[in-house]
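I'd like to ask you about the structure that follows.
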Amino acid sequence: MTFDIGFPVNETKILSWKLNMENIGERLSTIILAAGKGKRMKSDLAKVLHPLRGKPMLTYPVDIAQAVQSEKVVVVIGHQAEEVKKAFKNKGLIFVEQREQLGTGHAVLQAADVLKHHKGTVLILCGDVPLLKVSTVYALIDCHMMQKSVITVLTTVLNNPFGYGRVIKNETGDVLQIVEEKDAVARQKQIKEINTGIYCMQSPFLFDAVAALDSENAQNEYYLTDIVKIANQKNFKVRSFVADDPMEVMGINTAEDLQRAQQFLKKAMG
């Protein structure tokens with residue numbers, strides 16, 4: 001198996017991890033957010049269909065979702081929905097459509113009916129983050145289960161965090177809030193730990209929380225990040241897991257980003 005961006009993944013380790021999940025009765029499903037048009041790509045092609053090493057970008061998070069033995073893989077689509085479905089037919093995916101682009105919280109809400117009977121962990125991945133390693137996702141899920149968190153946020157540390165949501169913590173490392181760049185005050189903008197948009201969350205809390213979101217923010221969108229505040233209001237644990245390599249969690253927003261990813265994979269895969 002070669003899910004780890006070209007590096008072999010130990011199949012014995014995958015089997016051991018799966019058996020451990022079964023032994024503790026943990027259930028896992030995945031939502032992949034893939035509805036965006038990707039205006040900054042300056043192309044009519046849906047962002048997640050842009051090729052990376054000869055495969056649509058969405059292939060990479062789909063591979064990860066399947067590598068971690070997700071019961072269901074729900075892909076939230078929007079722009080060029082039919083083309084995305086066609087490109088990934090016969091992959092065992094469940095597609096739901098976000099007809100209006102009202103934010104990440106609204107996108108996740110579209111999966112509520114499909115996962116309404118799911119009691120366990122929901123892994124949330126981004127269709128435009130293709131360099132993520134399955135080993136990092138294993139570690140994220142393990143951290144989530146060991147900490148018994150309601151939400152575990154995958155984060156990373158950037159020297160220049162401009163444009164990213166900042167992760168606000170207390171002295172014991174609990175995540176209190178994620179503040180988007182446009183909503184952050186000066187002292188919050190000094191924080192270098194940022195949200196990658198990738199999470200583990202407990203259901204049904206996740207869907208109850210996204211249904212309660214409002215759009216009172218600078219972008220008038222339903223931010224998925226706002227459920228961190230909801231969890232804290234209910235005294236639920238929210239933690240973070242830090243990805244060591246920021247490149248691994250880089251989102252693809254422009255043609256230049258895509259070229260950087262191509263070069264990174266070429267170097268990594270030889």
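The values are calculated or read from the model by the stated rules, or taken from the named source; none is laboratory data. No experiment lies behind these values; they were computed from the predicted model shown. Using ideal geometry, Cβ is built from the backbone for each residue, glycine included, and neighbour counts are taken over all protein chains shown.
Show me the helices (runs of 4 or more DSSP H) entirely contained within the range 34-125 in which 1 or more residues are out of contact with any Asp or Glu (no Cβ under 9 Å at 6 or more places or on another chain) and surrounded by fewer than 18 Cβ atoms within 10 Å (Cβ to Cβ).
59-67, 81-87
Going by what's in this entry, would residue 241 be described as touching a Cys at 6+ places or on another chain (Cβ under 8 Å), hydrophobic (A, V, I, L, M, F, W, C) and within 23 Å of residue 105 (Cα to Cα)?
yes
Hey, any hits in the range 130-143 for a residue that's closer than 20 Å to residue 222 by Cα, crowded, with 23+ Cβ neighbours inside 10 Å, within 17 Å of the chain's Cα centre (by Cα) and of a type in the set (A, V, I, L, M)?
No - not one qualifying residue is present in the range 130-143.
The rows are residues; the columns are (1) more than 13 Å from residue 137 (Cβ to Cβ); (2) modelled with pLDDT of 90 or more; (3) in contact with a Phe, Trp or Tyr (Cβ under 9 Å, 6 or more places away or on another chain).
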position	(1), (2), (3)
20	yes, no, no
29	yes, yes, no
45	yes, yes, no
51	yes, yes, no
54	yes, yes, no
57	yes, yes, no
64	no, yes, yes
75	yes, yes, yes
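Being under 20 Å from the mean Cα position of the chain (by Cα), part of a helix (DSSP H, G or I) and not charged (D, E, K, R) is the filter; apply it to the range 245-263 and report the residue that is nearest to residue 37 (Cα to Cα).
The qualifying residue nearest to residue 37 (Cα to Cα) is 258.
Still on this structure: I need the full set of residues from the range 128-156 which are under 14 Å from residue 245 (Cβ atoms) and among the small types (Gly, Ala, Ser), in order please.
135, 139
Of the numbered conditions (1) on the phi > 0 side of the Ramachandran plot; (2) touching a residue at least 24 places away in the same chain (Cβ under 8 Å), residue 90 satisfies every one except a single condition; which is it?
Failed condition: (2).
Name, by its number, the condition in (1) over 21 Å from residue 128 (Cα atoms); (2) in a loop (DSSP other than H, G, I, E, B); (3) more than 19 Å from the chain's Cα centre (by Cα) that does not hold for residue 188.
Answer for residue 188: the failing condition is (2).
Now, a different point. Taking interchain pairs and intrachain pairs at least six residues apart, which have beta carbon atoms under 6 angstrom, with the first residue in the range 22-35 and within 21 Å of residue 87 (Cα to Cα) and the second modelled with pLDDT under 70 and not in a loop (DSSP other than H, G, I, E, B)?
Filtered contacts from the range 22-35: no entries.
Taking interchain pairs and intrachain pairs at least six residues apart, which have beta carbon atoms under 6 angstrom, with the first residue in the range 97-120 and in contact (Cβ under 8 Å) with a residue 12 or more places away in the chain and under 15 Å from residue 205 (Cα atoms) and the second assigned to a helix (DSSP H, G or I) and of a type in the set (A, V, I, L, M)?
105/210; 105/224; 108/210; 108/224; 109/210
Okay, residues lined up against (1) more than 21 Å from residue 61 (Cβ to Cβ); (2) out of contact with any Leu (no Cβ under 9 Å at 6 or more places or on another chain); (3) modelled with pLDDT of 95 or more:
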| position | (1), (2), (3) |
| --- | --- |
| 154 | no, no, yes |
| 177 | yes, yes, yes |
| 182 | yes, yes, no |
| 191 | yes, yes, yes |
| 208 | yes, yes, yes |
| 236 | yes, yes, yes |
| 240 | no, no, yes |
| 249 | no, no, yes |
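Let me ask you something else. Pairs under 9 Å by beta carbon, first residue free of Cβ contacts under 8 Å to residues at least 40 places away in the same chain and assigned to a loop (DSSP other than H, G, I, E, B) in the range 212-226, partner surrounded by fewer than 22 Cβ atoms within 10 Å (Cβ to Cβ) and aliphatic (A, V, I, L, M), six or more apart or different chains?
These pairs meet every condition: 212/230; 220/102.
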